[in-house]
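Right, one structure below, let's go through it.
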Amino acid sequence: MNKYLVSVFVAFVVTDCFASISLSVSATGISADVTGNETLAAIKDSGATSYTIHNANISINNFSDWQNWNADVNLNSAVCLYINYVDTASNGTEISHVSNVNVVDVIVKDPLYKIMRFSPSSYSTAEYLVLIRETDYSKVFKDSRGTFLENIRLNHPDDKMLSAMDKVSAMSEMNSVMNSAYHFNPMILMNPIKTLNRAVLTDFISEVNSGFGADFDYIFSDKTNNYGGHIYVADKYKDSFFKLGLNLNRFSYSDNFNDFDGTAYGLDIRAKQYIQSFWLDGIFGVNRSVFNADNIYVNGDIKDNPKGLSEYARLSIGYDIKHVSDFVLSPFAGLMFQKSDIMGLSDSDINLHTGITGKYNFVMDGIKYEYAASVATDEKANWNIETKIGFVSVVDNAGAYVGISAFRDEFATNYKLSVNAKICF
């Protein structure tokens with residue numbers, strides 16, 4: 001005998017009201033008469049072989065528990081089935097042995113689902129239940145979030161967050177999607193900015209020689225695309241080097257739940273101090289970012305086109321091992337730091353890093369050729385590998401560099417292509 005419903009998850013508590021299970025014995029077995037508020041588990045435990053249920057509210061843990069109940073059941077006179085957890089076996093379930101289809105009601109407590117019921121004919125004593133996944137979120141959420149989500153659907157029907165929400169089967173999954181989308185978690189907007197900052201922090205082989213220069217970078221991954229420019233001026237005093245730079249970046253970001261783009265601009269300061277073969281290398285930078293992103297829900301308010309602020313810093317200590325005059329191998333270790341702020345939210349991260357660089361140069365036909373490479377990792381198993389080749393005129397001290405690097409951060413494996421031109425003093 002088939003019996004019931006569909007796939008959902010919910011909690012129902014039976015109130016402390018009158019309940020009755022009356023047993024009677026006949027030649028055909030034990031029959032039970034059930035009224036009041038009762039659980040299906042308690043009815044099953046009565047040990048009867050046939051059941052008449054009327055004027056009753058029955059709490060069912062899983063609808064498949066009813067489907068798998070191999071007993072003779074007759075439902076009549078105002079029976080309501082409350083479903084706590086609806087599983088995939090429930091969809092298209094038949095409720096049979098009903099004296100009148102109008103006396104049975106089925107309530108699924110999970111707001112993600114609604115029930116549609118139909119009967120094969122007007123004279124049938126059976127009903128079929130079809131579970132419908134609710135996608136009108138003004139009905140799912142009984143607060144301003146519901147209206148907010150329906151407005152997104154109206155203005156952006158292809159929104160990735162809504163598409164993902166429509167596919168989940170439980171409220172816990174729904175909340176996870178919402179927390180992974182910038183519409184409800186604006187800190188997600190800072191993800192490409194953190195990647196951009198890390199690209200600066202993991203550039204361990206850039207020189208700080210005196211002069212002017214300009215960098216052009218392209219950073220990309222399966223989530224981020226960034227085009228950036230960086231101009232700087234550098235100087236030195238004895239064994240101390242200083243570098244001040246300005247940057248401008250245009251970026252876009254895309255993942256399973258988000259699509260947005262924006263602009264970031266800022267400045268950074270770098271200093272390096274040599275103490276014989278030891279050195280200290282420090283970077284500090286600030287970026288301001290403007291996002292092309294709308295429909296952001298923050299404490300009941302809806303915001304558009306927010307602005308973010310990020311700070312980043314690195315301090316490394318290293319030692320130059322000079323095997324030959326033109327080749328230097330330098331192990332190093334230190335700390336990296338990032339802090340992000342947007343729309344009243346803030347987070348920060350600090351971790352240890354260690355690595356090694358190698359540099360080699362030689363002069364041929366008035367051109368100085370420079371080669372450099374670096375490998376590094378940190379305590380969170382992020383890593384970076386970079387190489388760079390430079391060509392500098394010995395006569396006028398002007399040159400160009402090209403570089404390629406790969407680095408892993410908390411979001412993806414990223415790649416960077418760079419071109420640098422500089423004029424040294």
In the stretch 284-328, residues that are part of a loop (DSSP other than H, G, I, E, B) and polar (S, T, N, Q) total 4
Of the candidates LYS322, LYS380, the one satisfying the condition of being within 30 Å of VAL298 (Cβ to Cβ) and surrounded by fewer than 16 Cβ atoms within 10 Å (Cβ to Cβ) is LYS380
When the stretch 224-260 is checked residue by residue, the ones that are in contact with a strand residue (DSSP E or B) (Cβ under 6 Å, 6 or more places away or on another chain), open to solvent by 40 Å² or more (accessible area, probe 1.4 Å) and closer than 21 Å to VAL200 by Cβ are ASN225, TYR227, ILE231, VAL233, ASP235, PHE242, LEU244, LEU246, LEU248, ARG250, SER252
Reported set for the stretch 401-425 where residues are surrounded by fewer than 15 Cβ atoms within 10 Å (Cβ to Cβ) and either touching a Pro at 6+ places or on another chain (Cβ under 8 Å) or closer than 15 Å to GLY229 by Cβ (or both) is LEU417, VAL419, ALA421
Here the qualifying pairs (Cβ atoms under 6 Å; residues six or more apart or on different chains; first in the stretch 40-56 and of a type outside the set (S, T, N, Q); second part of a helix (DSSP H, G or I)) come out as LEU40/ASP65
Those residues of the stretch 60-84 that are surrounded by 15 or more Cβ atoms within 10 Å (Cβ to Cβ), of a type in the set (Ser, Thr, Tyr) and closer than 12 Å to VAL34 by Cβ come to a total of 0
Picked from the stretch 163-181 (must be touching a residue at least 12 places away in the same chain (Cβ under 8 Å) and more than 19 Å from ASP110 (Cα to Cα)), the residue farthest from the chain's Cα centre (by Cα) is ALA181
Picking from ALA48, ALA42, ALA11, the residue that is at pLDDT 65 or above, surrounded by fewer than 19 Cβ atoms within 10 Å (Cβ to Cβ) and outside any strand (DSSP E or B) would be ALA42
Selection from the stretch 201-223 of residues at pLDDT 95 or above and open to solvent by 30 Å² or more (accessible area, probe 1.4 Å) yields PHE216, ASP217, TYR218, PHE220, ASP222, LYS223
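The values are calculated or read from the model by the stated rules, or taken from the named source; none is laboratory data. Please read all numbers here as calculations on a predicted model, not as lab measurements. Glycine gets a Cβ as well: all are built from the backbone with ideal geometry, and neighbour counts include every protein chain shown. These area figures cover heavy atoms from the full protein model, side chains too; ligands, DNA and RNA do not enter into them. Shrake-Rupley method; radii C 1.70, N 1.55, O 1.52, S 1.80 Å.
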